[in-house]
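See below for the structure under consideration.
Please treat every number below as a calculation from the coordinates, not as lab data. Not measured: the values here are computed from a predicted model. Methodologically, a virtual Cβ is constructed for each residue, glycine included, from the backbone with ideal geometry; neighbour enumeration extends over all protein chains shown.
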């Protein structure tokens, strides 16, 4: 069987723990473009073991810039976006093979990603398995937005219901890292808190002390109302999401208010004079 004339796009950084699983699932594709943002582990060495993988090193410029950089390196008419901690099912590969041969194929396709938390597939809770934009015609699509990126179809924002956007059947899945759990979430938390807080501040948003506290309790009840069917895992998801959003608001409050006040009162100068 000939390989699919599709460029798989991966942006990676310190992904050695999951990369073999990902690349093993992509051997049917002719080209895998892996853009490394500055790994200190064996990510690059592992990637170079696979003959269909092309490695590009680009110091981390941010999510959107890195995604668009990967598109620029693609050499095929079609691109398929993957994360380094995902694997693709055989059903999705077969459907991609069918779609890229359609004479009237759409420009962008959504595919469901199965989410896991503490070894359990998340089908009911907040952050449940859902559609994501993944397969697209290279020349028509670019990324935009912030840390939660969005897609542009020929310069316009892609939205559900767009005539140029299609969907794979829901049972055809991309599979996220099945061992993801609370320990992994805690490790990723500091970086995302800072990135998201800075993005919101750059857009002119702020957070008061009241908002910080309201976020903690309000988020928990809001998320748990969506997650209780997932049982104990749903409770953990609700608490963790409440903590994450609260810490983002606290980071914003500190940078906008506490540091501003401190700069007005230079205590060191008071003690030195």
Scope the range 21-42; condition in contact with a helix residue (DSSP H, G or I) (Cβ under 6 Å, 6 or more places away or on another chain) and more than 15 Å from residue 60 (Cα to Cα); matching residues = 28, 33, 41, 42
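Residue 185: assigned to a loop (DSSP other than H, G, I, E, B), in contact with a helix residue (DSSP H, G or I) (Cβ under 8 Å, 6 or more places away or on another chain) and either touching a residue at least 12 places away in the same chain (Cβ under 8 Å) or buried (at least 16 other Cβ atoms within 10 Å of the Cβ) (or both), yes or no?
On the way: assigned to a loop (DSSP other than H, G, I, E, B): no; in contact with a helix residue (DSSP H, G or I) (Cβ under 8 Å, 6 or more places away or on another chain): yes; either touching a residue at least 12 places away in the same chain (Cβ under 8 Å) or buried (at least 16 other Cβ atoms within 10 Å of the Cβ) (or both): yes.
Taking the combined requirement at face value, the residue does not satisfy it.
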query = So, of the residues in the range 15-73 that are in contact (Cβ under 8 Å) with a residue 60 or more places away in the chain and in a loop (DSSP other than H, G, I, E, B), which turns out to be farthest from residue 96 (Cα to Cα)?
reply = 15
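Identify, from the list 7, 97, the residue that is part of a helix (DSSP H, G or I), more than 15 Å from the chain's Cα centre (by Cα), touching a residue at least 60 places away in the same chain (Cβ under 8 Å) and more than 14 Å from residue 174 (Cβ to Cβ).
On the way: 7 fails: part of a helix (DSSP H, G or I).
Being part of a helix (DSSP H, G or I), more than 15 Å from the chain's Cα centre (by Cα), touching a residue at least 60 places away in the same chain (Cβ under 8 Å) and more than 14 Å from residue 174 (Cβ to Cβ) holds for just one of 7, 97, which is 97.
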